[in-house]
Amino acid sequence: MSNDLFLVEDDDDHAEIAISSLHSAKVFYNVVRKKSLEEAVSAYDNEVFEIVLLDLSLPDSSGIETVERFYEAHPDATIVVLTSLNDQEVAIRALKSGALDYIPKDELTSLLITRSIRYAKERKRALTELNNKIDELAKKEEELSQSNKELEQFAYTASHDLQAPLRHISVYIDVLKKELPPERLNDELKNAMGFISSSADKMKILINDLLEFSKVGKTSLTIEHCNVHDLTTEVLEILDEEIKECSAEITVGELSEISCDKGRLSQVFQNLISNSIKYRNPETNPKIDINCRSIGADWQFRIDDNGIGISEKYHERIFHIFKRLHTSTAYPGTGIGLSICKKIIELHGGRIWVENNNAQGSSFFFTIRGDLA
Ligand code: ADP
């Protein structure tokens, strides 16, 4: 970039003061001067000029509008505004509108003008660097989201295509079981048959969960009016067997009527409630409280349990796919449930997280945006 200065100033005396102030500081620019905004906007070339000194009061524009219009036409320009009045407020607004510094003309000295130009150039450099970094980050995020989409597509195809061979395996296991009843097998073969059979069952659960995970987000949400109290009643009916089996005590507070995808929200409640039952404290019967409150325009739901709890250091990690804190012998599972919940809630514009329950156990929270129509 050359050592050229673009001076936009209609007043000859003021222009002279600005140039001579630079000269007396031994700073020599090739100066191109324009006297109106229109002329300035059409003549400016960012490749040529290093700095723009822009008077705010021109014959065809005055005040903050002058910066706004110049900046809009040339967002890459390094602009220092010249203010006639010692008006801090206009100067600050000028900074917000794209200028990098300002000089009150009645205070113009060689020291002030050289310092201001130096500061403006430095700020411009830092800003450009920052913008480049932001662009780089945005590009990386875009690449990441693209590779996430590809991974999800892969997970979908893989889990979808694995269903058929798995079905064949299950069918042939049944054939083998029929043809080879346990009394005709030695211990080793009996164990092998049991192992194949339970592995196939586990694989079926894993593939179904993975398929479900990759399906969320593939189809758009069906937003409709939903009475969350009725929805949880249905969920508790679905989980009736699990609830009765461990005599879980479930209390449901007053739950609101909201707009959401009912099927998806039901999945979230099912996952969270069945986790509260699964990860119960072996010493006591599960106690689960379900509540809701409004926060501004949004809704916050809360599910408290008195289960085994989750160490704080894992509070983030459990929402990532396949992240489990136990072996499948201790607690069966695939580590996919909470990642499905997270996806569903984020599709509803909300957030999901866990905290330690004050009494004992965990408190899961999630929000749903109140303006989904
Ligand atoms: P899964 O239950 O199949 O392992 P999830 O994604 O539902 O998968 O849960 C991830 C992990 O978070 C679980 O393995 C468990 O360690 C922990 N977790 C989830 N819910 C609870 C809960 N209510 N209490 C204690 N731990 C929980």
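Below are the figures for this structure:
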{"quantity": "Among (1) of a type outside the set (Gly, Ala, Ser); (2) within 30 Å of ASN131 (Cα to Cα); (3) free of Cβ contacts under 8 Å to residues at least 12 places away in the same chain; (4) assigned to a loop (DSSP other than H, G, I, E, B), the one test that LYS26 misses", "calculated": "(2)"}
{"quantity": "Some residue of the stretch 142-153 being surrounded by fewer than 10 Cβ atoms within 10 Å (Cβ to Cβ), free of Cβ contacts under 8 Å to residues at least 12 places away in the same chain and hydrophobic (A, V, I, L, M, F, W, C)", "calculated": "no"}
{"quantity": "From the options LEU325, LEU338, residue that is within 6 Å of the ligand (Cβ to nearest atom), under 27 Å from SER214 (Cβ atoms) and open to solvent by 60 Å² or more (accessible area, probe 1.4 Å)", "calculated": "LEU325"}
{"quantity": "Strands (runs of 3 or more DSSP E) contained entirely in the stretch 236-320, each with at least 3 residues that are under 28 Å from the mean Cα position of the chain (by Cα) and either among the acidic types (Asp, Glu) or within 16 Å of the ligand (Cβ to nearest atom) (or both)", "calculated": "298-305"}
{"quantity": "Selection count, the stretch 217-249, where residues are within 13 Å of ARG264 (Cβ to Cβ) and either charged (D, E, K, R) or at pLDDT below 90 (or both)", "calculated": "5"}
{"quantity": "Yes/no for ASN186 being surrounded by 10 or more Cβ atoms within 10 Å (Cβ to Cβ), more than 26 Å from the chain's Cα centre (by Cα), without any contact (Cβ under 8 Å) to a residue 12 or more places away in the chain and outside the structural domain of ALA25 (by TED's automatic domain parsing)", "calculated": "no"}
{"quantity": "GLY361 being under 20 Å from the mean Cα position of the chain (by Cα), on the phi > 0 side of the Ramachandran plot, open to solvent by less than 70 Å² (accessible area, probe 1.4 Å) and not assigned by TED's automatic domain parsing to the domain that holds ASN208", "calculated": "no"}
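The values are calculated or read from the model by the stated rules, or taken from the named source; none is laboratory data. Keep in mind the model is a prediction, meaning the values are calculated, not measured. No Cβ is skipped: glycine too gets one built from the backbone with ideal geometry, and neighbour counts run over all protein chains shown. These area figures cover heavy atoms from the full protein model, side chains too; ligands, DNA and RNA do not enter into them. Shrake-Rupley method; radii C 1.70, N 1.55, O 1.52, S 1.80 Å.
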